[in-house]
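Trainee: Have a look at the structure that comes next, please.
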Amino acid sequence: MIDVDLVGETGRHLTSFEMLCHDSFNTQKKTIYWIDGTVSRSYDFLTRAMGIKPELITYKEGPWSGGGNGGEALEVFVGGLEVATLVFMDMKEDPEGAFEIEGLKYSKMEMQI
């Protein structure tokens with residue numbers, strides 16, 4: 001947890017943690033929404049429901065992994081403070097996988113979460 005090491009060095013790193021979850025379970029036969037829909041819903045929540053000015057919102061792309069799953073992720077910042085991480089799990093840990101995240105190999109899975 002790199003951010004914890006930075007608490008106190010700037011006003012942009014806090015130790016409070018709350019994990020909310022909003023899932024969309026997609027299969028090869030049925031897609032509800034995926035990355036574009038998730039980002040759109042997050043943006044609408046921040047700007048419409050929370051009243052945050054769009055110019056204060058920035059995103060940082062990167063990989064995410066944990067618990068044997070992995071995928072793309074977008075960290076969401078408001079005025080430099082991270083307020084959310086949008087995680088797109090569509091890979092499973094697999095020693096023969098074609099994708100690598102943090103030294104582990106992954107392959108695509110049928111479901112997108």
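Trainee: Put a dot 7 Å past each Cα toward the Cβ at residue 29 and residue 94; how far apart are the dots in nm?
Mentor: Result: 2.1 nm between the two label points.
Trainee: Let me ask you something else. Please report the spacing between the Cα centers of the range 48-103 and the range 28-43 in Å, no decimals.
Mentor: Value for the Cα centre distance between the two parts: 14 Å.
Trainee: Further question on the same structure: Which aspartates and glutamates have a Cα lying under 16 Å from the Cα of residue 29, excluding residues fewer than 8 positions away in the same chain?
Mentor: 90, 110
Trainee: Charges only on Cβ, +1 for Lys and Arg, -1 for Asp and Glu: so what's the dipole of the chain about the Cα centre, in debye to the nearest 20?
Mentor: 480 debye
Trainee: If I model a spin label as a point 7 Å beyond the Cα along the Cα-Cβ vector, how far apart are those points for residue 43 and residue 84 in nm?
Mentor: 1.2 nm
Trainee: Here's another thing I want to ask about it. Hey, with R₀ at 25 Å, roughly what FRET efficiency would residue 12 and residue 72 work out to, going by the Cβ-Cβ distance, to 0.05?
Mentor: Working from the Cβ atoms, E equals 0.60.
Trainee: How do 3, 90 line up, fewest other C-beta atoms within 10 Å first?
Mentor: 3, 90
Trainee: Considering only 63, 89, 78, whose Cα is most displaced toward the positive end of the charge dipole of the range 43-113, charges sitting on Cβ of Lys, Arg (+1) and Asp, Glu (-1)?
Mentor: Positive-end residue among those listed: 78.
No lab work stands behind these numbers, since they all come straight from the coordinates. All values reported here derive from a predicted model rather than from experimental measurement. Here the Cβ is made from the backbone with ideal geometry for all residues, glycine too, and neighbour counts use every protein chain on show.
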